[in-house]
Amino acid sequence: MLHRTYRPQTLSEVCGQEQNLITIRAQIEEKRYSSAYLFEGHRGTGKTTIARILARTICCDHPTTDGPCNHCRNCRMILEEKTMDFIELDAASHNTIADIKELINSTSYLPSILPKKIYIIDEAHNLSKSAFDALLKTIEEPPEHCIFMLCTTELYKIPVTIRSRCSIFTFSALSIQTISGRLATVLDDVGKKYELKALETIAYQADGSMRDALSILERCLQDGDNEINEDKVKELVGIPKLSYIEEIVESVL
C-alpha cells in the first residue's frame with residue numbers, strides 16, 4: 001500500500017501543515033510537551049502520522065527538531081510495536097467505557113522501557129458518552145509519566161470538557177500543488193513516468209487528502225503501464241473525456 005510505504009517518518013517528510021510543524025518543532029527544541037494533544041481536521045492530512053512521529057520524538061534517545069532518529073532502541077520498540085508503553089487505540093472499534101477503563105487502569109503503572117507511556121486514540125469522536133466521561137478525569141489530571149494524543153475528523157463530537165484540556169492542532173485540507181508534488185516524488189522513486197496534468201487530476205479527486213490521492217495513484221499503477229496519463233486517471237475515477245462532453249454539447253446546440 002503506497003500510503004503505508006510512503007508514510008512520513010520524520011517531520012521534514014510531512015507535506016503541508018506548516019503552522020502545526022512550527023509549533024511542534026518549538027516544543028521539541030524546548031522539550032516542553034503537553035500532557036494531552038488533540039489533532040483534528042480533514043481526513044488523510046497527517047494527524048495520526050504526526051502523532052506517531054511526536055510520540056517517538058518524546059521517547060527518542062537522540063531527537064532533533066526534525067523528529068525522532070528512528071534508529072535507537074526506543075524508536076525501534078515503537079516502530080516494531082514491541083512495547084506496552086506505547087498504546088494506539090482505534091476508537092472506531094474500541095469505543096466503550098470498558099475499553100477506556102482498561103486503558104485508564106494501565107496508566108497507574110510506570111513505563112517499563114520508554115521514558116513516557118504514550119496513548120494515541122484514533123478516530124476519537126467515536127467514543128461513547130460514558131467513555132468520554134471516564135476519560136475526562138485522566139485527561140484533566142494525567143499521571144506525570146503519561147501523554148495522551150487524540151485524533152479526530154469530527155471535532156464537534158469531542159466534548160468541550162475534553163477539548164479544553166488538550167493542546168489542539170487543526171489540520172487543513174492539502175492543496176492540489178502539495179498533493180501533486182508528493183505524487184511526483186513517489187512516482188520518481190518507483191521509476192514511473194507521468195503527466196503533470198494527470199497528477200493534478202488525482203489531487204483534485206482526492207479532495208485535500210494525501211491518503212486518498214495515494215490510493216488513487218496505486219490503482220493507476222496496477223495495470224502495469226510505465227506511464228500515468230490524464231486519460232487513464234479520468235477513466236479510473238469516472239471522469240468523461242473532454243471530447244465526449246464537447247460532442248454532447250454540440251449535439252444539444
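A few remarks follow.
- Output for segment 59-70, where each listed residue is surrounded by 22 or more Cβ atoms within 10 Å (Cβ to Cβ) and either closer than 20 Å to residue 146 by Cβ or among the charged types (D, E, K, R) (or both): 59, 60, 68
- Contacts under 7 angstrom Cβ, first residue in segment 1-21 being free of Cβ contacts under 8 Å to residues at least 60 places away in the same chain, partner outside any helix (DSSP H, G or I) and surrounded by fewer than 18 Cβ atoms within 10 Å (Cβ to Cβ), 6 or more apart: 11/66; 12/66; 14/8
- Verdict on residue 24 being modelled with pLDDT of 95 or more, among the β-branched types (Val, Ile, Thr), assigned to a helix (DSSP H, G or I) and under 19 Å from residue 153 (Cα atoms): no
- Selection within segment 198-253 - of a type in the set (Lys, Arg) and not in a helix (DSSP H, G or I): 241
- Just one of the listed residues (56, 73) is surrounded by fewer than 16 Cβ atoms within 10 Å (Cβ to Cβ) and modelled with pLDDT of 95 or more, and it is 73.
- Among all positions in segment 117-135, there is at least one residue which is in contact with a helix residue (DSSP H, G or I) (Cβ under 7 Å, 6 or more places away or on another chain), of a type in the set (Asp, Glu), open to solvent by less than 40 Å² (accessible area, probe 1.4 Å) and under 24 Å from residue 209 (Cβ atoms).
- Hits in segment 154-179 (condition: open to solvent by less than 60 Å² (accessible area, probe 1.4 Å) and not hydrophobic (A, V, I, L, M, F, W, C)): 154, 159, 167, 175, 178
- Only one of the listed residues (167, 172, 180) is under 30 Å from residue 147 (Cβ atoms), over 16 Å from the mean Cα position of the chain (by Cα) and modelled with pLDDT of 90 or more. That residue is 167.
- Residue 103 meets all of the listed conditions (1) modelled with pLDDT of 95 or more; (2) open to solvent by less than 20 Å² (accessible area, probe 1.4 Å) but one, namely (1).
- Candidates 122, 189, filtered to the one that is at negative phi, of a type outside the set (A, V, I, L, M, F, W, C) and over 16 Å from the mean Cα position of the chain (by Cα): 189
- Scanning segment 137-147 for residues that are part of a helix (DSSP H, G or I) and touching a Lys or Arg at 6+ places or on another chain (Cβ under 8 Å), we see that the one that is least open to solvent (accessible area, probe 1.4 Å) is 139.
The values are calculated or read from the model by the stated rules, or taken from the named source; none is laboratory data. On a predicted model such as this, the values are computed, not experimentally measured, just so you know. Virtual Cβ from ideal backbone geometry, glycine too; neighbours counted across all protein chains shown. Each accessible area value is taken on the protein alone, full model and side chains, heavy atoms only, with ligands, DNA and RNA left out. Shrake-Rupley method; radii C 1.70, N 1.55, O 1.52, S 1.80 Å.
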